[in-house]
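What follows draws every value from the coordinates through simple rules; no lab data is involved. As the structure is a prediction and not an experimental result, all values here were calculated from the model. Every residue, glycine as well, gets a Cβ built from its backbone with ideal geometry; the counts of neighbours run over all protein chains shown.
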Amino acid sequence: MTQTVNPSLSHSPIHRTVLSNGIVVLVAENPAADIIAARIFVRAGSCAENREQAGLAHLLSAVMTKGCDGLSSLEIAERVESVGASLSTDTANDYFLLSLKTVTSDFQEILALAGLMLRSPTFPETQVELERRLALQDIRSQKEQPFTIAFDQLRQAMYQNHPYAMSVLGDEITMSSLTGADLVNYHQTHFRPDNVVISIAGRITPVDAVKLVEEVFGDWQSPSEKSPILNLPEIQVQPQSQLQPLQTQQSIVMLGYLGPAVNSPDYAALKLLSTYLGNGLSSRLFVELREKQGLAYEVSAFYPTRLYPASFVVYMGTAPENTSIALQGLWKEVDLLCSTEISPNALQAAKNKILGQYALGKQTNGQIAHIYGWYETLRLGIEYDHNFQELIAAVNVADAMAAACRYLQEPYLSLVGPEEAINSAIA
């Protein structure tokens, strides 16, 4: 038995169907091109790992394409490439993702292959070892990148024992300790139909799409026990400074504030403030600190969309001799958000920018499939595509100032650069 939501009853062009085994199927029919894209989300990313197994979800995503029931890595690659399709996997904090794109006539074949990979991966030991070595190389490479070092130490200070503290790659100790048995256990625990969202966009009707999904996944039954509930530690806000001396050509100055999750009433206001501060060449930080004062090699802000409390971050790369004044400049610009109202024109410009970029991010079938599947995975629902735009448009100057005063007060500080420069910056 399935349950379907008629799009004519909502703002969304998406047909939403829930299969009897709990899989949510979203379909956006788009006959413009002879292409179908699909995104298969599993509600289990790095947040579902134990701290001592950080990197497990990443390793699983890397090995999942390297063997499944009856097929080797080479055979999987040949099946995909023989029809010119694409198929890949990825992991984020809040979800696992399998992405595929084909011409319409090959969709059934590639979806069936994706089903095999998702349900019956074999995790060949040689491939586990290879992907673990590649991940360790990535981890070591990131230790040479000042921005990554700064962000890692900021994240660990902000999130302590919460999974968001760790990179999705984990670290050298955790990645080195992972085994094939760990992958099997993680897969058996979290990869179950009532944790799955399948989002499809392209030249296919909702009826045909649901029929194909039922053919591939309809016999997949959920375990009798309920899906595990993540018991995540509470995040204690304890602003502090983290310094990492490093002989580099520039200093990285980074301020972090613990912001709310995507379902918070303040999410839209902080998203706007992030755009106003540090998105693009017309942003406040770029104009004030780079153009007018010449302090920054690079300067930006970001506030990612997360299922749990997210970090609001501003950062700058600057010459070592400018580390102290750069820190003061960043801090001042964030503090102004709480003490001085943004002009209505500046706020409207930020709205135009974020909504314009949002619209441009929904042009391809892959982008459409991704955004609706992502919202469903975050339990925001397909209506959130419309709601997000309304929420952004509704933010006023007072809302923005109130959100800044609520969340952007005492920052965590992360500095990376020559020892004398970063020490003098906090003296």
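Under a 5 Å amide H cut-off, with hydrogens placed 1.01 Å from N, residue 306 pairs with 262 among residues at least 5 apart or on other chains. Calculate how large, on average over all directions, the projected area of the Cα convex hull of the stretch 54-164 is; give the answer in nm² to one decimal. Computed as one quarter of the Cα hull surface, the answer is 8.4 nm². In the stretch 241-425, a dipole from Cβ-located charges (positive for Lys and Arg, negative for Asp and Glu) runs towards its positive end, and of 412, 305, 370 it is 370 whose Cα lies farthest in that direction. The loop-placed trypsin sites (Lys or Arg not before Pro) in the stretch 41-138, going by DSSP, include none that has at most 13 neighbouring Cβ atoms within 10 Å of its Cβ.
Normalised by 2.2 N^0.38 Å, where N is the number of residues, the C-alpha radius of gyration of the stretch 3-217 stands at 1.10.
Comparing 233, 146, 13 in a Gaussian network model of the chain (Cα springs below 10 Å), the most mobile by mean-square fluctuation is 233.
Under 5 Å from the amide H of residue 25 lie the amide H atoms of 17, 18, 19, 198, each residue being 5 or more positions distant or on a separate chain, with H modelled from the backbone and absent for Pro and chain starts. Karplus-derived 3J(HN,Hα) values for the stretch 83-91, using 6.51 cos²θ - 1.76 cosθ + 1.60 with θ = phi - 60°, are 10, x, 8, 10, 8, 8, 10, 7, 9 Hz; glycine and proline are entered as x. Axis angle, to the nearest 10 degrees, between helix 180-190 and the longest C-alpha principal axis of the chain: 80 degrees. Orientation-averaged projection of the stretch 241-425 equals 10.9 nm² [convex hull of Cα atoms, one quarter of hull surface area]. For residue 381, the residues whose amide H sits under 5 Å from its own are 376, ignoring neighbours fewer than 5 places away on the same chain, with H placed 1.01 Å from N.
Relative to the dominant Cα principal axis of the chain, helix 107-119 is inclined by about 70°. Computed from backbone phi, the HN-Hα couplings of the stretch 305-315 come to 7, 9, 6, 10, x, 9, 8, 9, 10, 10, 8 Hz, rounded to whole numbers (Karplus: 6.51 cos²θ - 1.76 cosθ + 1.60, θ = phi - 60°; Gly and Pro given as x). Normalised by the number of residues in the stretch 241-425, the average gap of Cα pairs under 8 Å and 6 or more apart makes the relative contact order 40 percent. Residues in the stretch 47-56 carry Karplus couplings, in order, of 5, 8, 8, 6, 4, 6, 10, 4, x, 4 Hz; the curve used is 6.51 cos²θ - 1.76 cosθ + 1.60 with θ = phi - 60°, and Gly or Pro positions show x. Taking every alpha-carbon pair in the chain and binning the separations at 20 Å intervals from zero gives 24, 53, 23, 0 percent. Temperature 37 °C, viscosity 0.692 mPa s: under these conditions the Stokes-Einstein estimate for the stretch 105-145, based on its Kirkwood radius over C-alpha pairs, is 259 µm² per second.
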